[in-house]
Amino acid sequence: MSKTILVTGGAGFIGSAVVRHLINDTVHTVINLDKLTYAGNLESLTTVSDSDRYSFEKVDICDAEEVKRVFTTHQPDIVMHLAAESHVDRSIDGPGEFIETNVVGTYTLLEQARAYWSQLEGEKKAGFKFHHISTDEVYGDLPHPDEVEPGTELPLFTETTPYAPSSPYSASKASSDQLVRAWLRTYKLPTLVTNCSNNYGPYHFPEKLIPLVILNALAGKPLPVYGKGNQIRDWLFVEDHARALVIVALNGEIGETYNIGGHNEKQNIDVVKTICTILDDVKPKEAKYAEQITYVTDRPGHDMRYAIDASKIQKELGWTPQETFESGIRKTVEWYLNNEAWWKAVLDGSYQGERLGAGN
Ligand SMILES: NC(=O)c1ccc[n+]([C@@H]2O[C@H](COP(=O)([O-])OP(=O)(O)OC[C@H]3O[C@@H](n4cnc5c(N)ncnc54)[C@H](O)[C@@H]3O)[C@@H](O)[C@H]2O)c1
């Protein structure tokens, strides 16, 4: 049966993948609520925005009156909450906006969702869900292979790993996760939470590691790598994440948390070298792209390793990633080569140009 799904942050990297998946591959109706910060781009939705199952509301999640209007007008069955400030480096430079959007904004959305849900009746009330989308960064970091005896089994983040966020970004996301759980426990608002590893893929704003490296490589600019480049991330192709999120939103158990990951632990330097090798193959030039790699001062408080145990969502909801890192990263590089108009429009709008966005 067709549901009305309110997606916050639907003009962002992951949110737009969720909206495209919902419109292209399901029968559900989508309301995209987004403030359109520097990270939100309606250009990412041109392939679906003509659908009569899609509508857009330019709204700030911190604006209670406007959020209330959106609930009243569209009467959603499910909320998928992705709107957030999401870049760790920006959170170090200016944490205020992260607290405002990620903490106060989530609080505002929860309160408006609760007011709306409280007055629903019957099946509409029983079926309502609030799905909060979060990150594995709330768990802090894990032992790195360089720090342990060879052969030691390395732990993974599970749904019961205690929270230990390191950056203002991850602390603000951890706070929002806890608010969501408190609204379930105290007010019985039907919520679920997902925590996902690093995403990559098409329509990724070019301040994050992978798109930054692709575009700097093409422009002949340095490819900045933090510290020794040995930080490990567990990479997941964004379209695999979008599928997982829709499965959780539709079929997940209220009150549960699901970790989502790609089983792709890679050191940042290896990710950068892989991109260089693909570019050497698909867009060769005289010098090797890897010659542009430069090492820059590490980010303060930089987490060394993230890795997700995604067995719960696999066992309980039947989700597994379809893309390997090798296939996904090649698709991503090729997408940036074929979609210059998108990233030029995004860069013209807002890009800060000189940032060393060498982390996730
Ligand atoms: N990118 C990742 O690797 C990753 C991994 C795990 C979880 N997450 C989480 O997934 C969500 C989406 O991440 P992303 O990478 O797509 O982020 P993004 O920065 O690309 O997009 C965020 C979107 O939220 C919108 N937004 C920001 N502040 C808003 C506000 N006050 N009101 C309404 N809209 C607002 C922006 O305009 C943008 O469209 C975030 O909650 C993030 O914490 C991201």
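Observations
- Only one of the listed residues (Thr29, Thr47) is crowded, with 17+ Cβ neighbours inside 10 Å, among the polar types (S, T, N, Q) and modelled with pLDDT of 95 or more. That residue is Thr29.
- Evaluation of His132 against (1) in a helix (DSSP H, G or I); (2) at pLDDT 95 or above (one fails), failing number: (1)
- In region 279-297 there is at least one residue that is under 29 Å from Leu45 (Cβ atoms) and surrounded by 18 or more Cβ atoms within 10 Å (Cβ to Cβ).
- Residue match in region 79-102 (condition: closer than 27 Å to Ala126 by Cβ and away from the ligand (no atom under 12 Å from the Cβ)): yes
- Each residue in region 23-38 was checked for being outside any loop (DSSP other than H, G, I, E, B) and away from the ligand (no atom under 15 Å from the Cβ), and 4 of them qualify.
- Residues that are in contact with a Lys or Arg (Cβ under 9 Å, 6 or more places away or on another chain) and either among the aromatic types (Phe, Trp, Tyr) or within 12 Å of the ligand (Cβ to nearest atom) (or both) within region 180-194 comprise Trp183, Tyr187, Val193, listed in sequence order.
- Scan of region 206-235 for residues that are charged (D, E, K, R) and farther than 19 Å from Pro300 by Cβ, ordered by number: Lys221, Asp234
- Residue under evaluation Asn41, criteria (1) within 14 Å of the ligand (Cβ to nearest atom); (2) free of Cβ contacts under 8 Å to residues at least 60 places away in the same chain, criterion not met: (2)
- Scanning region 305-315 for residues that are in contact with a helix residue (DSSP H, G or I) (Cβ under 9 Å, 6 or more places away or on another chain) and either of a type in the set (S, T, N, Q) or more than 18 Å from Ser91 (Cβ to Cβ) (or both) returns Arg305, Ala307, Ile308, Ala310, Ile313.
The values are calculated or read from the model by the stated rules, or taken from the named source; none is laboratory data. Everything numeric here is computed off the predicted structure, so don't read it as measured data. As a convention, Cβ positions derive from the backbone with ideal geometry for all residues, glycine included, and neighbour counts pool all protein chains shown.
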